[in-house]
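The values are calculated or read from the model by the stated rules, or taken from the named source; none is laboratory data. This is a predicted model, so every value here is computed, not measured. Here the Cβ positions follow ideal geometry from the backbone for every residue, glycine too, while neighbour counts run over all protein chains shown.
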Amino acid sequence: MYKVVTPTSNTDFDAYFQFRWAHLRQPWNFPPGSEKDEYEQVAEHRMIVDGKGNIVACGRVHLNTAEEAQIRHIAVDTHHQRKGLGQMMMSALENVAKELGAERAVTNSREISIDFFTACGFYVEREAPNELGMLKRQQMVKKLTENNSLVMHPKWCKSLQQTWSDTIPITEHMGIKLYQYTGRTLETRASLNKNINIHGTMFAGSIFSLATLTGWGLIYLQLKERGLEGDIVLGDGDIHYHKPITMKPRAICNIESLSGKYSPLEKQQKARFELSVNILDGDTAVAEFEGVFWVLPATENENDDH
C-alpha cells in the first residue's frame, strides 16, 4: 500500500534528500549535496512511502511566477517502477500547483523521461539549459485546469461512471466522480457538501461507500483490460478510520493491492479478488479499506434467473 506524504521533520528531509541524491545524482557521479538547489526553502516537497514507511518515490514543485509552477526531481525506486507511482506523484504535485494558483506547469525533462511526461499531458516547448552542465534537457509544458487529470481508456471510464449512475443511484447523490485512471491506479472523489454531518465532517458511511465503489471500479476496469465481463459484488469489507474528512474526499486504489485470478471467469466460474483502498482528505491519509469482491460470470447470472 502506497501513500503520498509531505516531509516535515529533519529526519524526514534527511531521508528525502538522500533518496533524491541516490536516484538522481549518484548515478552520474555527482557528490551528496548536488541534489539541492536554491529553491528548496520555497518549494513544496512530496514523497511516496510503502506500507513500511520506506520512501519509494519523490518529487518537488515551486512557483516560478504567480501563474507558473515548475515540477522537478521526480524519481521512483527501481524496485517499485511500473506500478503507477510516477503518475501518482505527478498528480499530487499538479494538485499542489493548482492550489498555489498556478495556471500552467513546466518541467525540464531528459530524453529518457519525455515519453513519461508526454503521457502525463505535457508537450515539448523548447530546449532547456543543460542540467549540471552536461545533461541535455527539453522544457515541457502543461496547462493546468480544475478538471485536469490523467484518464486512460476514456470510453471505459465513461462507461463506469454511467454504470454507477444507472445501477447505484446513490453515487449521484454523493457526488462521486471518477477523477483519474492511469491503467494501474484509479482515483475517485466525492462532494463533501453532499456528505457532511452535523460536525462538519464526512459521514463514516459515505467514506465506506466511496471506498467500496473505488475498489469495485478498479475491478471493473481491469476486467475491461482483459476483455472479460461479470457481475461484481462486495463479499466483505473492513475499514479503519484515523482522522475525519473536512476538506477534499479522495479515494485511491492501486493495482499492486489487487490480488486474485481471472482464469476462473474464462471458465465461466466465479472469481475472488482482494484489494485495498486509501482514503485521503486532500493529501492527508485518513482511512484504509480492505475489501473482498466476487465477480460472477454472465452465464452464472443467467442460470440464477431460471
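For segment 225-282, which positions are closer than 22 Å to SER91 by Cα and of a type in the set (Lys, Arg)? Scanning segment 225-282 gives LYS248, ARG250.
Could you list all residues from segment 192-204 that are touching a residue at least 24 places away in the same chain (Cβ under 8 Å) and closer than 14 Å to ARG250 by Cα? Listed by number, the residues that qualify are LEU192, ASN195, THR201, MET202, ALA204. Only one entry in ALA190, ALA119 is under 30 Å from ILE71 (Cα atoms) and at pLDDT 90 or above, namely ALA190.
For first residues located in segment 93-116 and over 13 Å from GLY59 (Cβ atoms) and assigned by TED's automatic domain parsing to the domain that holds LEU63, partners that are loosely packed, with under 13 Cβ neighbours inside 10 Å and of a type in the set (Asp, Glu) and lie 6+ apart or on another chain with Cβ distances below 7 Å form the pairs ALA102/GLU67; GLU103/GLU67; ARG104/GLU67. Of the numbered criteria (1) within 20 Å of the chain's Cα centre (by Cα); (2) over 24 Å from ALA43 (Cα atoms); (3) modelled with pLDDT of 90 or more, the one THR107 fails is (2).
The strands (runs of 3 or more DSSP E) falling completely within segment 208-292 include none with 3 or more residues that are closer than 23 Å to MET152 by Cβ and not assigned by TED's automatic domain parsing to the domain that holds ARG189.
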